[in-house]
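Peer 1: First the structure, then my questions, so here it is.
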Amino acid sequence: MTPRRLAVLTLLALAVPSLARAADIETRDFNVLVDGKPTGEAHITIHTQEDGATVVTSDTDILVKLLIGHYRYAFRGRETWKDGRLVRLDSTCNDDGKLYVLAAAADGDKFRVKVNNQEKLVRGDVWLTSYWAEPTARLNQDVGLLDADTGRELSARVQQLGVEQRVVAGQMVNVTRYRSTGRHGTADLWYDGNNRLVRQEWTEDNHKMVLDLIRLRR
């Protein structure tokens, strides 16, 4: 083998891990609809890291025009998951002027949450209202649910409703539908074959809210 050929093969070998790591990052772009009208967009980026942790960043911006004035909502969040458990959460939320700054982390078998300088401990196996991953391990049981916007502690019960076909990002695909029910309300959730969220429907202040996947970027 010539030195030139050896050098080329070495460069290729070094490049392969970088390409593999790049493939472990995907961004999902969603339309946000309120009562059937487009009002904003949301983006979720999922990065699976070499140590097995998954880092999820989210940003959502909504503007609803009202008869008098308007309603604005903005959210920025970063989640870190390891072995199916949430180990870190940082988020900021502006809910039409109500500001929330949240910093939370695993603390032994609990999860310590700090919101606007007020701290509390919640159960360590909390699930988040970002709902980005399919909840297969949380079916038919009481689930500790944490509001990613406000840090409010909730509870829910999750049911699988079955597999159906839906148009997702312009293509007809099989998706699995779930329903999360609790005192906070009900959320219907759809996940694709990669166990990732493609659609969410819920009601807030008597308005039908929809998060609908329009594009997948890798």
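The values are calculated or read from the model by the stated rules, or taken from the named source; none is laboratory data. In this text, all values refer to a predicted model and were calculated from it rather than measured experimentally. Please note: Cβ atoms are built from the backbone with ideal geometry, for glycine as well, and neighbour counts cover all protein chains shown.
Peer 1: From Val55, Val64, grab the single residue that is surrounded by 14 or more Cβ atoms within 10 Å (Cβ to Cβ) and at pLDDT below 95. Give the derivation first.
Peer 2: Working: Val55 fails: at pLDDT below 95.
Answer to the check: Val64.
Peer 1: Filter region 114-138 down to the residues that are under 18 Å from the mean Cα position of the chain (by Cα), in contact (Cβ under 8 Å) with a residue 24 or more places away in the chain and not in a loop (DSSP other than H, G, I, E, B) and list them by number.
Peer 2: Those that are under 18 Å from the mean Cα position of the chain (by Cα), in contact (Cβ under 8 Å) with a residue 24 or more places away in the chain and not in a loop (DSSP other than H, G, I, E, B): Trp127, Leu128, Ala133, Thr136, Ala137.
Peer 1: Could you tell me which numbered condition Ala148 fails, if it satisfies all but one of (1) more than 24 Å from Val101 (Cα to Cα); (2) surrounded by 13 or more Cβ atoms within 10 Å (Cβ to Cβ); (3) touching a residue at least 60 places away in the same chain (Cβ under 8 Å)?
Peer 2: (1)
Peer 1: Now for a separate question. Please work out if Asp51 is of a type outside the set (Gly, Ala, Ser) and over 19 Å from Arg199 (Cα atoms).
Peer 2: Values: of a type outside the set (Gly, Ala, Ser): yes; over 19 Å from Arg199 (Cα atoms): yes.
The answer is yes for Asp51.
Listed here are the residues, each with its yes/no results for (1) touching a Pro at 6+ places or on another chain (Cβ under 9 Å); (2) of a type in the set (Asp, Glu); (3) more than 17 Å from Ile44 (Cβ to Cβ).
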| position | (1), (2), (3) |
| --- | --- |
| Asp107 | no, yes, yes |
| Val167 | no, no, yes |
| Gly185 | no, no, yes |
| Ile214 | no, no, no |
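Peer 1: Taking region 194-206 on its own, how many of its residues are more than 19 Å from Leu128 (Cα to Cα) and surrounded by 12 or more Cβ atoms within 10 Å (Cβ to Cβ)?
Peer 2: Within region 194-206, the subset more than 19 Å from Leu128 (Cα to Cα) is 205-206.
Filter once more, so that each one left must be surrounded by 12 or more Cβ atoms within 10 Å (Cβ to Cβ): none.
Residues in region 194-206 being more than 19 Å from Leu128 (Cα to Cα) and surrounded by 12 or more Cβ atoms within 10 Å (Cβ to Cβ): 0 in total.
Peer 1: Let me ask another. Part of a strand (DSSP E or B), within 26 Å of Met209 (Cα to Cα) and either in contact with a Cys (Cβ under 9 Å, 6 or more places away or on another chain) or not small (Gly, Ala, Ser) (or both): does that describe Leu63? Break it down into steps so the answer makes sense when it comes.
Peer 2: Details: part of a strand (DSSP E or B): yes; within 26 Å of Met209 (Cα to Cα): yes; either in contact with a Cys (Cβ under 9 Å, 6 or more places away or on another chain) or not small (Gly, Ala, Ser) (or both): yes.
Considered against the rule, which asks whether it is part of a strand (DSSP E or B), within 26 Å of Met209 (Cα to Cα) and either in contact with a Cys (Cβ under 9 Å, 6 or more places away or on another chain) or not small (Gly, Ala, Ser) (or both), Leu63 comes out as yes.
Peer 1: Hey, another quick one. What number of residues within region 75-95 satisfy the criterion of being of a type outside the set (D, E, K, R), over 14 Å from Ser130 (Cα atoms) and in a strand (DSSP E or B)?
Peer 2: 2
Peer 1: Name the one entry in Asp205, Asp212, Asp192 that is under 27 Å from Asp96 (Cβ atoms) and under 16 Å from the mean Cα position of the chain (by Cα). Steps first, please.
Peer 2: Numbers: Asp205 fails: under 16 Å from the mean Cα position of the chain (by Cα); Asp192 fails: under 27 Å from Asp96 (Cβ atoms).
Among Asp205, Asp212, Asp192, only Asp212 is under 27 Å from Asp96 (Cβ atoms) and under 16 Å from the mean Cα position of the chain (by Cα).
Peer 1: To continue, here is another question. With the condition kept exactly as written, say whether any residue in region 6-29 is of a type in the set (A, V, I, L, M) and either assigned to a strand (DSSP E or B) or modelled with pLDDT of 95 or more (or both). Write out each step before concluding.
Peer 2: From region 6-29, those of a type in the set (A, V, I, L, M) are 6-9, 11-16, 19-20, 22-23, 25; that's our starting set.
Then keep just the ones that are either assigned to a strand (DSSP E or B) or modelled with pLDDT of 95 or more (or both); that gives 25.
Looking through region 6-29, at least one residue is of a type in the set (A, V, I, L, M) and either assigned to a strand (DSSP E or B) or modelled with pLDDT of 95 or more (or both).
Peer 1: Further question on the same structure: Among Ala103, Ala137, which is of a type in the set (Gly, Ala, Ser) and modelled with pLDDT of 95 or more? Can you show your working first?
Peer 2: On the way: Ala137 fails: modelled with pLDDT of 95 or more.
The conditions single out Ala103.
Peer 1: Can you pull out every residue in region 54-87 that is touching an Asp or Glu at 6+ places or on another chain (Cβ under 9 Å), free of Cβ contacts under 8 Å to residues at least 40 places away in the same chain and among the small types (Gly, Ala, Ser)?
Peer 2: Ala74
Peer 1: Do we have Asn174 as assigned to a loop (DSSP other than H, G, I, E, B) and not hydrophobic (A, V, I, L, M, F, W, C) here? Give the derivation first.
Peer 2: Numbers: assigned to a loop (DSSP other than H, G, I, E, B): no; not hydrophobic (A, V, I, L, M, F, W, C): yes.
So Asn174 does not fit the description; no.
Peer 1: In region 191-208, what residues are out of contact with any Ser or Thr (no Cβ under 7 Å at 6 or more places or on another chain), within 21 Å of Ile62 (Cβ to Cβ) and of a type outside the set (Lys, Arg)? Steps first, please.
Peer 2: If we filter region 191-208 for residues that are out of contact with any Ser or Thr (no Cβ under 7 Å at 6 or more places or on another chain), which is where we start, we get 192-201, 203-208.
Among the residues that remain, those that are also within 21 Å of Ile62 (Cβ to Cβ) are: 197-201, 203-208.
Within region 191-208, Leu197, Val198, Gln200, Glu201, Thr203, Glu204, Asp205, Asn206, His207 qualify.
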